[in-house]
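The values are calculated or read from the model by the stated rules, or taken from the named source; none is laboratory data. Keep in mind that this is a model prediction, so the values were computed, not measured. FYI the Cβ positions are ideal-geometry reconstructions off the backbone, even for glycines, and counts take in every protein chain you see.
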Amino acid sequence: MLKNWLNCDMPVIADKLEKLNDVYYFKEKTIGFAGKEKVRGVLHCLRAALFPGVFEKMPIDEKHINVDIVNNIRTAAFELADLVENAFKNECSDEELKESGCVRCKEKAFLIVKDLIEKLPEIRRVLHTDIEAAFRGDPAAKSNEEILLSYPSVEAMSIHRMAHELYQAEVPMIPRIMSEYSHYLTGIDIHPGASIGENFFIDHGTGVVIGETCTIGKGVKLYQGVTLGARSFPLDEEGHPIKGIKRHPDIEDNVVIYSGASILGGNTVIGHDSIIGGNLWLTHSVPPYSKVYNSQPKPTVKSPNGDRIIYSDPEEEF
């Protein structure tokens with residue numbers, strides 16, 4: 001029965017799906033691009049080059065580290081160049097150029113990939129500052145190796161710092177696929193457009209959202225559930241969100257933001273060396289060295305015999 005059904009009815013269903021594919025998006029933009037897995041493979045090779053021995057399935061021989069780095073970079077470079085070239089071709093609206101054997105997309109892809117590969121040593125150096133920030137900022141951390149191998153913050157930043165370079169180079173689609181893969185792995189949602197300085201640490205990490213036009217300075221620490229988002233979305237005449245405008249806050253150097261805080265708006269600036277308490281909704285700027293927090297509630301404690309005791313601590317400073 002199954003065989004007959006597959007032979008007779010499945011082609012009809014396949015035809016319907018193909019037609020829907022043509023209706024809802026241009027199929028060459030996905031078929032020609034090759035999808036998510038190729039991007040994830042590139043990320044694996046690049047991160048294996050940045051941190052030899054960390055992302056491999058089997059231990060590597062220390063004598064061959066240079067060879068492994070070279071092989072991973074070569075594999076990533078060829079694959080990424082193809083992806084970037086296809087991404088640019090998909091965005092090209094000039095059909096005559098497509099048909100004439102134009103090589104501009106190939107040349108542009110080569111220069112972008114070359115630039116990214118040449119920046120890998122600097123990206124590795126900056127990632128080490130993120131690891132050091134985690135070690136200083138988490139008393140539970142026992143070593144840099146523990147942080148590198150297990151902390152979601154480092155996992156997310158090892159992807160973001162490369163995705164951001166491609167975003168800066170105006171590569172379509174690929175940086176966002178990278179950032180959403182990071183989101184899938186860690187629960188940390190960082191848009192590739194966000195600019196993040198050195199010594200950055202997200203403690204715990206789950207539920208953090210950092211928007212596209214957000215700028216974060218050096219030495220910033222976030223806790224779980226922090227949102228650096230947009231206050232509202234200005235709409236055009238047709239009711240669509242206006243793109244390409246500043247929508248997300250700026251966080252200056254050495255700021256600490258505790259769990260559950262939402263800081264919103266493109267005009268919002270958190271001054272350097274400030275501390276933002278948990279569960280806040282903040283839509284305006286604060287000057288440097290500020291301490292921003294909700295008034296502390298006074299919990300009610302009942303004794304074992306049922307007497308009602310009002311318990312309150314002195315106001316606790318951060």
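If you check GLU170 against the conditions, is it modelled with pLDDT of 95 or more and at positive phi?
Answer is yes for this residue.
Looking only at residues in the range 101-156 that are of a type in the set (Phe, Trp, Tyr) and farther than 20 Å from VAL255 by Cα, which one is surrounded by the fewest Cβ atoms within 10 Å (Cβ to Cβ)?
Ranking the candidates gives PHE110 first.
Being of a type in the set (Gly, Ala, Ser) and farther than 27 Å from GLU145 by Cβ is the filter here, so list the residues in the range 44-91 that pass it.
Hits for the range 44-91 are ALA77, ALA81, ALA87.
Is it the case that TYR181 is under 26 Å from GLY244 (Cβ atoms), touching a residue at least 40 places away in the same chain (Cβ under 8 Å) and outside the structural domain of ASN199 (by TED's automatic domain parsing)?
Taking the combined requirement at face value, the residue satisfies it.
Only one of these is on the phi > 0 side of the Ramachandran plot and either part of a loop (DSSP other than H, G, I, E, B) or modelled with pLDDT under 90 (or both): ASN267, ASN279, ASN305. Name it.
ASN279
Going by the conditions given, is VAL70 surrounded by fewer than 17 Cβ atoms within 10 Å (Cβ to Cβ), at pLDDT 85 or above, within 25 Å of MET157 (Cβ to Cβ) and of a type in the set (A, V, I, L, M)?
It is true that VAL70 is surrounded by fewer than 17 Cβ atoms within 10 Å (Cβ to Cβ), at pLDDT 85 or above, within 25 Å of MET157 (Cβ to Cβ) and of a type in the set (A, V, I, L, M).
In the range 250-298, which residues are among the small types (Gly, Ala, Ser) and either out of contact with any His (no Cβ under 7 Å at 6 or more places or on another chain) or crowded, with 19+ Cβ neighbours inside 10 Å (or both)?
Correct list: SER259, GLY260, ALA261, SER262, GLY265, GLY271, SER274, GLY277, GLY278, SER285, SER290, SER295.
Would you say ASP203 is among the charged types (D, E, K, R), buried (at least 19 other Cβ atoms within 10 Å of the Cβ) and under 20 Å from SER150 (Cα atoms)?
Answer is yes for this residue.
Looking for something over 25 Å from GLU79 (Cα atoms) and either assigned by TED's automatic domain parsing to the domain that holds LEU80 or at pLDDT 95 or above (or both) - is there at least one such residue anywhere in the range 96-109?
Checked against the condition, which is being over 25 Å from GLU79 (Cα atoms) and either assigned by TED's automatic domain parsing to the domain that holds LEU80 or at pLDDT 95 or above (or both), the range 96-109 yields at least one hit.
Looking only at the range 213-252, which residues are hydroxyl-bearing (Ser, Thr, Tyr), closer than 20 Å to TRP281 by Cβ and modelled with pLDDT of 95 or more?
Selection gives THR213, TYR223, THR227.
Kindly indicate which of ALA230, ALA169 is surrounded by fewer than 23 Cβ atoms within 10 Å (Cβ to Cβ) and in contact with a strand residue (DSSP E or B) (Cβ under 8 Å, 6 or more places away or on another chain).
ALA230
With the structure loaded, tell me whether ILE210 is among the hydrophobic types (A, V, I, L, M, F, W, C), modelled with pLDDT of 95 or more, outside the structural domain of ILE159 (by TED's automatic domain parsing) and under 12 Å from HIS160 (Cα atoms) or whether it fails that test.
Considered against the rule, which asks whether it is among the hydrophobic types (A, V, I, L, M, F, W, C), modelled with pLDDT of 95 or more, outside the structural domain of ILE159 (by TED's automatic domain parsing) and under 12 Å from HIS160 (Cα atoms), ILE210 comes out as yes.
Regarding the range 14-28, can at least one residue be identified that is modelled with pLDDT of 75 or more, under 29 Å from the mean Cα position of the chain (by Cα) and assigned by TED's automatic domain parsing to the domain that holds GLU155?
Within the range 14-28, none of the residues are modelled with pLDDT of 75 or more, under 29 Å from the mean Cα position of the chain (by Cα) and assigned by TED's automatic domain parsing to the domain that holds GLU155.
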